[in-house]
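Asks: Okay, handing you the structure first.
The values are calculated or read from the model by the stated rules, or taken from the named source; none is laboratory data. Here the structure is a predicted model, which is why all the values come from computation and not from measurement. Cβ placement follows ideal geometry from the backbone for every residue including glycine, while neighbour counts extend to all protein chains displayed. Only protein heavy atoms, including side chains, enter the accessible area calculation; ligands, DNA and RNA are left aside. Shrake-Rupley method; radii C 1.70, N 1.55, O 1.52, S 1.80 Å.
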Amino acid sequence: MSAFDRLLNQIDGFIRKFYKNQIVKGVLLFTGVFVASYLFVITAEYFGRFNSVIRGSLLLGFLSANLFIITKYLIIPVLRLKSYGKGINRKQASHIIGSFFPSVSDRLLNTLQLNDQMNADSADFELLNASVQQRSSSLSVLSFSDAVDIKENLKYLKWVVPVVLLLLTIGVVSPSFISNGTERVVHFSQEFIEPAPFTFNLLSTNLSEFRGFI
């Protein structure tokens, strides 16, 4: 394997890690947004007891927001990782790598461009090829994948974990809060009668009446 081929492998490795990082970010974002928006919707409905139009709007807004998040930040990166659709190419990746490694700067992109310009029938092919291999060898000492730090996504846990714990706590302490709000939003077209604020407790099961005479 030539030095240039090793360089290309490193760039491809960076691209794969780039999308894996986006997938991790997508999982955390989707989890946080899903739970937070779910809590917002059921809380609003639990206390507001809205009509069917507003309940339908809440459900539509919830589904739309979460569909957008899961598509943009999770499904698309997964497809790009599997080489479906148009992802970042090697030259675009070289820009990102160059911004992380100041010593690389534009040398990585220039090496790729120089290789594209080579013509096997050209008189200076051997000279250009030697230049490409030399540049590739010097650039390959860097680990391009270090330009992507997956651990940076841990910052999202600062707000994802609290909302998840809040949902679990409510589910344990007051499961009816979740079930009632969820049922009314999911079945938004159905009419729900608000329960009376009082109840009757019969002290006796003997309901016969006594009729007196005047």
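Asks: What part of the accessible area of the range 29-178, given as a whole %, is carbon or sulfur when the probe is 1.4 angstrom?
Replies: Taking all protein chains in place, the range 29-178 shows 64 percent carbon and sulfur surface.
Asks: To the nearest 10 degrees, how steep is helix 52-70 against the longest Cα principal axis of the chain, on a 0 to 90 scale?
Replies: Between the helix axis and the principal axis of the chain, the angle is about 20 degrees.
Asks: Which FRET efficiency, nearest 0.05, do TYR156 and THR43 yield, Cβ-Cβ r, R0 22 Å?
Replies: 0.50
Asks: Ok, one more. Might you tell me the accessible area per residue for the chain, computed with a 1.4 Å probe and given in Å²?
Replies: I get 67 Å² per residue for this part.
Asks: So what is the 222 nm mean residue ellipticity for the chain from helices alone, if each DSSP H run of at least 4 adds -39500 (n - 2.57) and you divide by all residues, rounding to the nearest 500 deg cm²/dmol?
Replies: On the way: 8 runs with 137 residues, N = 214.
Rounded to the nearest 500, it is -21500 deg cm²/dmol.
Asks: Can you give me the angle between helix 3-48 and the longest principal axis of the chain, using Cα atoms only, in degrees from 0 to 90, rounded to the nearest 10?
Replies: The angle comes out near 10 degrees.
Asks: Then there's this: From the mean inverse distance of alpha carbon pairs (Kirkwood) and the Cα radius of gyration, derive Rg over Rh for the chain.
Replies: 1.36
Asks: Right, next: If the chain between ALA130 and ASP106 were fully stretched, how many nm would it gain, using 0.36 nm times the residue separation less the Cα-Cα distance? Don't jump to the answer; show the numbers that get you there.
Replies: Values: separation 24, 0.36 × 24 = 8.64 nm, distance 1.88 nm.
Working it through step by step, the gained length comes to 6.8 nm.
Asks: Angle between the Cα long axis of helix 175-186 and the longest principal axis of the chain, 0 to 90 degrees, nearest 10?
Replies: Orientation of helix 175-186: about 80 degrees from the principal axis.
Asks: So what J values fall out for the range 153-158 if you push phi through Karplus, 6.51 cos²θ - 1.76 cosθ + 1.60 with θ = phi - 60°, rounded to Hz, Gly and Pro as x?
Replies: 6, 4, 5, 6, 5, 4
Asks: Under 22 Å between C-alpha atoms is the cut-off here; go through the chain and count lysine pairs that meet it, provided they're at least eight residues apart or on different chains.
Replies: Lysine pair count for the chain: 26.
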